[in-house]
Each structure stands twice: as structure tokens, then as C-alpha cells.
Amino acid sequence: MKTDELFDRAQAAATKAYAPYSHFQVGCALLTAQGNIFTGCNVENASYGLTICAERNTIFHAVAEEGPGMKISTLAVIALGHEFPPCGACRQVIAEFAGPETVVWFLREGKPLAMTMAELLPAGFRI
């Protein structure tokens, strides 16, 4: 799986985002260890705490399809017109289904940037 393909799928997902409040249309695509690709977008709610980020939406979709043993091989996230990495809550959820060396891609200065989960969440919560 090429990174470009993940970004293309994330961008396509972002166009479907429901973001009437923030106007941040975010899309995510991930490749699982089983070789499946899943996508998702953010879905906002008037009660902001009920909003779901694109990354979590995508991960939950992957778990619903593959089951609780789903593992993320790599993940790409893109926001139309903006550049930022996953938020803290999403980093923690990604870490639940990824190893410390799992690569997460996002845009920085118009170019794809890869960071490992260990770099993105160096002191994540574990039990």
C-alpha cells in the first residue's frame, strides 16, 4: 500500500465529513495488519462532546469489521484546507490498536510527514 493511496482515500473521506460547526472536514484511511483498508470522516454534533473525529470513526469501523484483534499497520489523516496531526484523544485510540513503531501520516507544509506512535504519544495510557 502506497502512502499516496491512503492520502487519496483519506481526502475522499474528508469530502463527506459533517462539519457545520468547525468547518474542518477531516478524513482518515488506515491499513490493517490483515491488509484491509478502512476510511472515515469526522461527524460533528451541536453538543460538541458528542462529535467523533475521523480517526476514531475509521478505527471503530475497522474493529466492527475485523473484530477486537484488529491491528493498524499504518494510518493517514488529512483535513481539507488545514494541516495538523491527530488530536490527543485520537492518538490514545490509535495507540490502543497500534504498536509504538506504527506510522501515522499527516501533512506538514504541504508534504506528507510520518511519525511513529512512540513519537506522537510518548507516554500513552496503558493497563
### Task
Exactly one condition in (1) at negative phi; (2) free of Cβ contacts under 8 Å to residues at least 24 places away in the same chain is not met by H23; state its number.
(1)
### Summary
Result of the Cβ filter at 9 Å on the stretch 100-127, keeping first residues that are among the aliphatic types (A, V, I, L, M) and partners that are assigned to a helix (DSSP H, G or I) and at pLDDT below 95, at least 6 apart or interchain, is V103/T3; A114/T3
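Test T58 against the criterion of being surrounded by fewer than 22 Cβ atoms within 10 Å (Cβ to Cβ) and not small (G, A, S), and give yes or no.
Working: surrounded by fewer than 22 Cβ atoms within 10 Å (Cβ to Cβ): no; not small (G, A, S): yes.
When the stated conditions are applied, T58 does not pass them.
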### T58 vs. criteria part of a helix (DSSP H, G or I), under 23 Å from P100 (Cβ atoms), of a type outside the set (K, R) and touching a Leu at 6+ places or on another chain (Cβ under 7 Å)
yes
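Might you check whether a residue that is β-branched (V, I, T), surrounded by 14 or more Cβ atoms within 10 Å (Cβ to Cβ) and without any contact (Cβ under 8 Å) to a residue 60 or more places away in the chain occurs anywhere in the stretch 73-90? Spell out how you get there, then give the answer.
In the first step, residues of the stretch 73-90 are kept if they are β-branched (V, I, T); the result is 74, 77-78.
Checking the rest, the ones that are also surrounded by 14 or more Cβ atoms within 10 Å (Cβ to Cβ) come to 74, 77-78.
Within this subset, residues satisfying the condition of being without any contact (Cβ under 8 Å) to a residue 60 or more places away in the chain are none.
Within the stretch 73-90, none of the residues are β-branched (V, I, T), surrounded by 14 or more Cβ atoms within 10 Å (Cβ to Cβ) and without any contact (Cβ under 8 Å) to a residue 60 or more places away in the chain.
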### Query
Can you name the number of the only condition in (1) within 14 Å of the chain's Cα centre (by Cα); (2) farther than 17 Å from R9 by Cα that G67 fails?
(1)
### Task
Quickly run through the stretch 92-113 and pick out the residues that are surrounded by 18 or more Cβ atoms within 10 Å (Cβ to Cβ) and not hydrophobic (A, V, I, L, M, F, W, C).
T102
### Message
Consider the stretch 15-36. How many of its residues are crowded, with 16+ Cβ neighbours inside 10 Å and in a strand (DSSP E or B)?
### Response
7
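The values are calculated or read from the model by the stated rules, or taken from the named source; none is laboratory data. This structure is a prediction, so every number in the text was calculated from the model and none was measured. Because the Cβ atoms are built from the backbone with ideal geometry, glycine has one as well, and the counts that use them run over all protein chains shown.
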